[in-house]
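Once you've had a glance at the structure underneath, I'll fire off some questions.
The values are calculated or read from the model by the stated rules, or taken from the named source; none is laboratory data. The structure presented is a predicted model; accordingly, all values stated were derived computationally and were not measured. Here the Cβ positions follow ideal geometry from the backbone for every residue, glycine too, while neighbour counts run over all protein chains shown.
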Amino acid sequence: MTKLTSKITAVLMLAFIGVFMVFSIFGSKKSRSSEENRELSKCPGITSSSLLDGSFAEQLGLYSADHFPLRSKWLNLNSKLREEIGDGIINGVYAADDMLLDADTSRRASSGSCAAEINRFARDHSGAVYVVAVPTSSGVYRERLPEYLDDYRESQQISDFYDKLNKDIKRIDAYNILKMLNSNYIYYRSDTKWTSYGAYCVYRTVIQKLGFLPTTFDKYSIRHVTSDFRGNLYNRSLCTSVKPDIMDFYYCSGGAEVLSCTGVGKDKTIVSKRIYDEQQLESDYLYNAYLGESIPLLRIKTSVNNERKLLVIKDGYADCFIPFLTQHYSEIDVLSPELLDGSASDFVDFDKYEQTLFLFGIENLSDSSIFASLNR
């Protein structure tokens with residue numbers, strides 16, 4: 001009986017493996033994972049060099065892993081199992097009680113090289129330069145991280161970064177504002193970035209530093225456009241125990257209007273854009289509803305009649321921040337330097353702006369290559 005049971009078990013196991021192999025080889029393949037918000041590996045081509053250096057085997061392994069049958073369900077199951085057994089860190093993401101936090105220490109490198117690039121920019125161009133380094137949710141809610149990660153302080157990283165900036169560059173504190181308000185919904189539960197309300201709280205200080213009075217909160221009507229947003233921390237962990245997030249659009253009642261919003265692609269193709277792009281609420285990454293899909297340069301013209309021009313050099317943290325600035329400037333140009341292959345000076349004349357605002361998440365200020373296009 002024991003031998004028969006062993007044989008049946010072996011046959012069933014082989015059949016199970018065979019079915020998975022068939023599905024792996026002949027099943028339909030996706031080019032993109034919507035849950036992880038990334039492109040999946042493509043089937044590698046065989047060449048003599050790739051066979052000799054081992055890269056073919058490595059690429060084939062990645063392809064097999066990305067296209068494993070029912071892959072997303074297995075990943076979700078893995079996340080749930082690890083939560084159940086008390087292993088709170090999943091792919092560098094810590095699952096706290098009600099939110100996900102970034103626990104990946106590999107990104108916590110020095111930001112000195114980025115400070116040097118900004119110093120060089122400020123030296124080479126006229127106009128005042130302002131810098132806002134935005135903490136991640138992990139920085140503001142660091143007390144929720146495991147104790148062995150508690151020695152990492154984004155506040156210190158931001159302070160060190162600001163210390164390396166030239167004295168004529170205006171530094172604007174976002175950390176202490178957000179830390180003081182951390183009982184509010186200022187960060188997404190499933191993303192490292194701030195919510196629109198978190199951005200508004202910092203905007204009030206930023207706009208005063210830029211020379212304007214902030215638009216008061218009661219002037220805005222707020223529209224909840226979705227309660228199903230899952231951000232970059234969910235994409236990495238596929239942890240479903242934390243509720244999806246709410247995304248808001250802010251409209252200033254009786255305020256200035258956006259007259260035009262155009263994008264300039266890498267090839268300098270001009271496309272029509274929107275401050276709020278509701279079509280992106282049907283896409284894989286709902287955060288693109290702020291300013292639309294990423295593009296190197298966005299040009300905004302408003303009904304503000306003061307002929308003031310602002311250049312914003314930014315990463316994704318600024319996307320929900322930009323709408324608040326439209327109440328104060330006739331023109332706002334928004335540059336995403338990491339999307340440029342050549343020189344940014346081919347797209348904008350830096351000397352025509354009386355003010356330039358750098359706004360980046362501190363997590364993105366450890367790689368100076370994002371500023372490479374500014375000083376070419």
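How about region 109-131: which of its residues are part of a strand (DSSP E or B) and within 15 Å of F371 (Cβ to Cβ)?
Of the residues in region 109-131, the ones part of a strand (DSSP E or B) are 128-131.
Answer for region 109-131, where residues must be part of a strand (DSSP E or B) and within 15 Å of F371 (Cβ to Cβ): V129, V131.
While we're looking at this one, here's another question. Give region 288-331 a look and list any residue that's assigned to a loop (DSSP other than H, G, I, E, B), in contact with a Leu (Cβ under 9 Å, 6 or more places away or on another chain) and touching a residue at least 60 places away in the same chain (Cβ under 8 Å), or say none.
Of everything in region 288-331, those that are assigned to a loop (DSSP other than H, G, I, E, B), in contact with a Leu (Cβ under 9 Å, 6 or more places away or on another chain) and touching a residue at least 60 places away in the same chain (Cβ under 8 Å) turn out to be C320, F321, H328.
Please indicate, with yes or no, whether at least one residue in region 173-182 is among the acidic types (D, E) and under 27 Å from E143 (Cα atoms). Give the derivation first.
Pass one, region 173-182, residues among the acidic types (D, E): 173.
Filter again for under 27 Å from E143 (Cα atoms), leaving 173.
Yes, region 173-182 contains a residue that is among the acidic types (D, E) and under 27 Å from E143 (Cα atoms).
Do any helices (runs of 4 or more DSSP H) lying entirely in region 143-257 carry at least 3 residues that are among the hydrophobic types (A, V, I, L, M, F, W, C) and within 22 Å of A318 (Cα to Cα), and which ones are they?
The qualifying helices (runs of 4 or more DSSP H) are 175-180, 196-209.
Give me the residue from region 332-342 that is free of Cβ contacts under 8 Å to residues at least 40 places away in the same chain and closer than 25 Å to L259 by Cβ and, out of that set, nearest to the chain's Cα centre (by Cα).
That would be L335.
Looking at S72, S126, S110, S48, which is the one that is modelled with pLDDT of 85 or more, on the phi < 0 side of the Ramachandran plot and surrounded by fewer than 16 Cβ atoms within 10 Å (Cβ to Cβ)?
After applying the criteria, what remains is S126.
Here's a follow-up. Would you check if there is a residue in region 153-163 being of a type outside the set (S, T, N, Q), over 21 Å from the mean Cα position of the chain (by Cα), at pLDDT 95 or above and assigned by TED's automatic domain parsing to the domain that holds Y188?
yes
Rundown of residues vs (1) modelled with pLDDT of 95 or more; (2) among the aliphatic types (A, V, I, L, M); (3) surrounded by fewer than 17 Cβ atoms within 10 Å (Cβ to Cβ), yes/no style:
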| site | (1), (2), (3) |
| --- | --- |
| N166 | yes, no, yes |
| I169 | yes, yes, no |
| T195 | yes, no, no |
| V202 | yes, yes, no |
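Got a number for residues in region 287-301 being within 14 Å of Y317 (Cα to Cα) and of a type in the set (A, V, I, L, M, F, W, C)?
Here the count works out to 2.
Out of L339, L365, L357, L325, which single residue is out of contact with any helix residue (DSSP H, G or I) (no Cβ under 6 Å at 6 or more places or on another chain) and modelled with pLDDT under 95?
L339
Quickly run through region 153-166 and pick out the residues that are touching a residue at least 40 places away in the same chain (Cβ under 8 Å) and touching a helix residue (DSSP H, G or I) at 6+ places or on another chain (Cβ under 7 Å).
Within region 153-166, E154, Q157, I158, F161, K164, L165, N166 meet the criteria.
Another question, if that's okay. Within region 253-276, identify whether any single residue is surrounded by fewer than 17 Cβ atoms within 10 Å (Cβ to Cβ), closer than 30 Å to N91 by Cβ, without any contact (Cβ under 8 Å) to a residue 12 or more places away in the chain and small (G, A, S), and answer yes or no.
no
When the residues of region 221-255 are narrowed to those that are more than 17 Å from Y287 (Cβ to Cβ) and small (G, A, S), which ends up modelled with the lowest pLDDT?
The qualifying residue modelled with the lowest pLDDT is S241.
If you take the residues in region 332-342 that are in a helix (DSSP H, G or I) and in contact with a Ser or Thr (Cβ under 7 Å, 6 or more places away or on another chain), which one is surrounded by the fewest Cβ atoms within 10 Å (Cβ to Cβ)?
L339
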